[in-house]
Amino acid sequence: MFFSYFKDLVGREVTVELKNDLAIRGTLHSVDQYLNIKLENTRVVDQDKYPHMGACLKLNSGFIRFLVCPAFPF
């Protein structure tokens, strides 16, 4: 159920908050059956605190606290 929902979000901008309170915004590039996600064109919400983040990230689902999705309808 969740996997198909996240597959529908591919290509959309999302915000991911990690368990260490780091919030990252980027374009959802892919998601696998374990809900690991890959973001492109990423940027940290608090750029002053984390200036060293890269442009493309692969995030393990175990480190994700929640994901903020765009509003319906797509």
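A crude spin-label estimate for the pair residue 18 and residue 30, with each label 7 Å from Cα along the Cβ direction, gives 2.0 nm. Computed extension gain for residue 61 through residue 4, at 0.36 nm per residue and net of the alpha carbon distance, reaches 19.0 nm. Of the accessible area of the stretch 1-73, computed with a 1.4 Å probe over protein heavy atoms only, carbon and sulfur atoms account for 55 percent. Charge dipole of the chain (Cα centre as origin; +1 on each Lys and Arg Cβ, -1 on each Asp and Glu Cβ, all else neutral): 100 debye, rounded to the nearest 20. Taking the alpha-carbon distance from residue 38 and a cut-off under 20 Å, which lysines remain once sequence neighbours fewer than 8 residues away in the same chain are dropped? List returned: 7, 19, 58.
Taking 1 over the mean of 1/r across every pair of different Cα atoms in the chain, what Kirkwood radius in Å do you get? In the chain this quantity evaluates to 12.4 Å. Here the 3J(HN,Hα) profile of the stretch 25-37, calculated from phi with Karplus coefficients 6.51, -1.76 and 1.60 at θ = phi - 60°, is 10, x, 8, 5, 8, 7, 9, 10, 5, 8, 6, 6, 10 Hz, Gly and Pro shown as x.
In order along the stretch 16-21, phi translates into HN-Hα couplings of 10, 9, 8, 5, 8, 6 Hz, rounded to whole numbers, per the Karplus curve 6.51 cos²θ - 1.76 cosθ + 1.60 with θ = phi - 60° and x for Gly and Pro.
The values are calculated or read from the model by the stated rules, or taken from the named source; none is laboratory data. Here the structure is a predicted model, which is why all the values come from computation and not from measurement. Positions of Cβ are backbone-derived with ideal geometry, glycine not excepted, and every protein chain shown enters the neighbour counts. For accessibility, only protein heavy atoms count, side chains too; no ligands or nucleic acids. Shrake-Rupley method; radii C 1.70, N 1.55, O 1.52, S 1.80 Å.
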